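**Q** Have a look at the structure that comes next, please.
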Amino acid sequence: MKFRVERDVLAEAVTWVARGLPARPPVPVLAGILLEASDDGTLTLSAFDYEVSARVTVAADVAESGTVLVLGRLLADICRNLPDRPIDLATDGSKVQVTCGASRFSLLMMPADDYPTLPANPEPTGTVDGHLFTQAVAQVSVAADRGDTLPILTGVRVEVDGDTMTLLATDRYRLAMRELHWNPSDTGASHVVLIPARTLSETARSLGASGSIDVALGAVAGGDGLVGFEAGRRRSTTRLLDGEYPKVSSIFPTSSETDAVVRTAELVEAVKRVALVAERNTPVRLRFSEGQVAIEAGTGDDAQASEAVECRLTGPDIEIAFNPGYLLDGLGAVGTDWS
């Protein structure tokens with residue numbers, strides 16, 4: 001195999017594919033990136049750890065087609081640090097020679113025949129705006145569990161019903177839900193899947209800038225246990241979580257006696273300052289009254305802090321306490337000037 005490719009193009013492609021490589025792969029070949037150079041002038045880079053697959057195709061000047069498997073993180077580190085000149089890559093016996101200007105590296109080839117077969121390219125179930133999807137995932141995934149006690153809560157529940165997509169996540173202490181519109185191939189189709197929150201967040205961030213994202217659910221994703229994403233020439237599949245997600249959407253109230261409107265940035269900064277005196281697992285208290293919300297923390301002989309922020313109140317006064325970390329996560333996910 002022998003090809004030439006622009007440095008920035010290869011570095012970006014390798015970095016994107018290598019992002020999901022396992023730190024401690026159960027099988028040595030899973031630490032590798034598969035490079036496939038084709039006579040049609042394309043280079044495809046792939047990675048797969050039986051849970052998440054990533055594949056990207058870029059343009060290259062291919063002199064000899066072929067397939068090689070090399071250590072992914074090492075190749076990513078090399079590409080990021082090479083000078084801004086075209087990169088030549090060629091096989092030489094059991095080695096892969098990487099040349100860029102005066103820089104030369106010799107990488108050991110891994111046994112490509114032992115590499116697992118990647119899931120087939122999924123057919124899209126529908127398309128969603130990349131920026132909108134990335135924002136929605138960020139707003140919801142913040143509430144997903146980060147521990148291992150209940151693996152099912154580490155996922156984001158994605159429900160598709162017609163042209164409505166609903167994302168839901170909870171860690172038992174907080175709950176986040178976001179609805180958005182998308183463009184399904186079949187307006188009568190409905191799906192419910194549970195996607196690992198960390199993988200979904202990384203995928204949304206890396207694909208969202210492409211403008212639109214194709215999403216594949218159900219059988220077209222390669223099986224009921226997979227979900228597929230594609231944007232531009234980047235394709236990714238993720239194995240879904242198994243289990244019945246708790247029925248928590250009904251927790252959201254349909255009405256409230258008191259409504260308060262506050263500038264998000266002002267409230268965030270005030271909570272950050274007041275929370276400085278809050279001990280571990282100690283809440284901050286918010287007292288809403290006409291014209292202002294008073295934020296307080298600390299009691300008795302402990303350090304205390306208070307601050308007031310202007311607000312518009314409708315309904316009776318109310319006092320409520322929050323875990324400051326959870327409150328700040330929620331305010332950070334709002335994404336609007338007013339909360």
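The values are calculated or read from the model by the stated rules, or taken from the named source; none is laboratory data. Since the model is a prediction, treat every value here as computed from it, not as a measurement. Ideal geometry is used to build each Cβ from the backbone, glycine not excepted, and the neighbour counts take in all protein chains shown. Note: accessible area is taken over every heavy atom of the protein model, side chains too, but ligands, DNA and RNA are not part of it. Shrake-Rupley method; radii C 1.70, N 1.55, O 1.52, S 1.80 Å.
**Q** If you add up the charges near Val261, with Lys and Arg at +1 and Asp and Glu at -1, over every other residue whose beta carbon is less than 14 angstrom from its beta carbon, what do you get? Let's see the in-between values first.
**A** Working: positive: Arg263, Arg312; negative: Asp259, Glu266, Glu290, Glu310, Asp337.
Summing Lys/Arg as +1 and Asp/Glu as -1 gives -3.
**Q** Here is a further query. Only four residue types carry charge here, +1 at the Cβ of Lys and Arg and -1 at the Cβ of Asp and Glu. Report the dipole size of the chain about the Cα centre in Debye, rounded to the nearest 20.
**A** Numbers: 30 positive and 47 negative charges, 179 e Å.
Magnitude of the dipole: close to 860 debye.
**Q** Before rounding to the nearest 500, sum -39500 (n - 2.57) across all DSSP H runs of length at least 4 in the chain and divide by the residue total; then give [θ] at 222 nm in deg cm²/dmol. The partial results should precede the final answer.
**A** Numbers: 6 runs with 67 residues, N = 339.
For the chain, the value works out to -6000 deg cm²/dmol.
**Q** Where the convex hull is taken over the Cα atoms of the range 9-129, what is its projected area averaged over directions, in nm²? Walk me through the intermediate numbers first.
**A** Values: hull surface 35.1 nm².
Result: a mean projected hull area of 8.8 nm².
**Q** Further question on the same structure: What Kirkwood hydrodynamic radius, in Å, does the range 236-284 give when the mean of 1/r is taken over all pairs of distinct Cα atoms and then inverted? Before the final figure, lay out each step's value.
**A** Details: mean 1/r = 0.0636 Å⁻¹.
Taking every pair of different Cα atoms in the range 236-284, averaging 1/r and inverting gives 15.7 Å.
**Q** Next question, about the same structure. Kindly report the accessible area of the range 107-205 per residue (heavy atoms of protein chains, probe 1.4 Å, no ligands, DNA or RNA), in Å². Let's see the in-between values first.
**A** Details: 4890 Å² over 99 residues.
Ligands and nucleic acids excluded, the figure is 49 Å² per residue.
**Q** On to the next question. For the range 55-106, what does the alpha-carbon gyration tensor say about shape, rounded, prolate or oblate, given a ≥ b ≥ c as the root eigenvalues, a/c under 1.5 as rounded, and a/b over b/c as prolate?
**A** Values: a/c = 1.22, a/b = 1.17, b/c = 1.04.
Judged from the Cα gyration tensor, the range 55-106 comes out rounded (a/c under 1.5).
**Q** Calculate the radius of gyration of the Cα atoms of the chain to one decimal place, then report Dmax, the largest Cα-Cα distance, as a whole number, both in Å.
**A** That works out to 24.7, 79 Å for Rg and Dmax.
**Q** I would also like to ask the following. Find which of Leu153, Leu180, Leu30 sits farthest along the positive direction of the dipole of the chain, computed with +1 on the beta-carbon of Lys and Arg, -1 on that of Asp and Glu, about the Cα centre.
**A** Result: Leu30.
**Q** Here is a follow-up. Against the longest principal axis of the chain, how steep is helix 324-334, in degrees 0 to 90 to the nearest 10, with axes from Cα atoms?
**A** 70
**Q** So if R0 is 35 Å, what FRET efficiency would Arg80 and Asp40 give, r being the distance between their Cβ atoms, rounded to the nearest 0.05? Show your work: numbers first, answer last.
**A** Details: r = 27 Å, r/R0 = 0.78.
Working from the Cβ atoms, E equals 0.80.
**Q** Give the relative contact order (percent, whole number) for the range 172-286; include only Cα pairs under 8 Å separated by 6+ residues.
**A** Working: 77 pairs, mean separation 20.2, N = 115.
So the answer I get is 18 percent.
**Q** Go through the range 135-213 and name the trypsin sites (Lys or Arg not before Pro) that are in a DSSP coil and have 15 or fewer other Cβ atoms within 10 Å of their Cβ. Working shown, then result.
**A** Numbers: sites: Arg146, Arg157, Arg172, Arg174, Arg178, Arg198, Arg205; in loops: Arg146, Arg172, Arg174.
Taking the range 135-213 and a limit of 15 other Cβ atoms within 10 Å, the loop trypsin sites (Lys or Arg not before Pro) found are Arg146, Arg172.
**Q** Would you work out which of Pro253, Ala112, Ile195 lies farthest towards the positive end of the dipole of the chain, given +1 charges on the beta-carbon of Lys and Arg and -1 on that of Asp and Glu, about the Cα centre?
**A** Ala112
**Q** Additional query: Cα axis of helix 72-81 to longest principal axis of the chain: angle in degrees, 0 to 90, nearest 10?
**A** Roughly 90 degrees, rounded to the nearest 10.
**Q** Which of these, Phe252, Phe288, Phe48, has the largest mean-square fluctuation under a Gaussian network model of the chain (Cα springs below 10 Å)?
**A** Among Phe252, Phe288, Phe48, the largest mean-square fluctuation in the Gaussian network model of the chain belongs to Phe252.
**Q** Next question, about the same structure. How high is the relative contact order of the range 1-112, in percent, counting Cα pairs under 8 Å that sit 6 or more residues apart?
**A** Values: 247 pairs, mean separation 35.5, N = 112.
It comes to 32 percent, rounded to a whole number.
**Q** Check each of the GluC sites (Glu not before Pro) in the range 11-70 and keep only those in coil by DSSP with at most 10 other C-beta atoms within 10 angstrom; list them in order. Before the final figure, lay out the partial values.
**A** Details: sites: Glu12, Glu36, Glu51, Glu64; in loops: Glu51.
In loop regions of the range 11-70 (DSSP not H, G, I, E or B), there are no sparsely surrounded GluC sites (Glu not before Pro).
**Q** Could you state the accessible area per residue of the range 225-339 in Å², with a 1.4 Å probe and every protein chain left in place?
**A** Values: 6920 Å² over 115 residues.
Each residue of the range 225-339 exposes 60 Å² on average to a 1.4 Å probe.
**Q** Further, regarding this structure: Carbon-plus-sulfur fraction of the accessible area of the chain, 1.4 Å probe, in percent? The partial results should precede the final answer.
**A** Values: 8470 of 17480 Å².
Roughly 48 percent of what the probe reaches on the chain is carbon or sulfur.
**Q** Over the alpha-carbon set of the range 124-165, work out the extent along each principal axis and list the three values in angstrom, largest first.
**A** Between the extreme Cα coordinates on each principal axis of the range 124-165 lie 34, 19, 16 Å.
**Q** When the dipole is taken about the Cα centre of the range 175-315, and only Lys, Arg (+1) and Asp, Glu (-1) are charged at their Cβ, what size is it in debye, to the nearest 20? Write out the running numbers ahead of the final one.
**A** On the way: 15 positive and 19 negative charges, 112 e Å.
The dipole magnitude comes to about 540 debye.
**Q** Could you tell me what % of all Cα pairs in the range 61-196 have separations over 17 Å? Display every interim value, and only then the final one.
**A** Numbers: 6635 of 9180 pairs.
Here the long-distance tail beyond 17 Å is 72 percent of all Cα pairs in the range 61-196.
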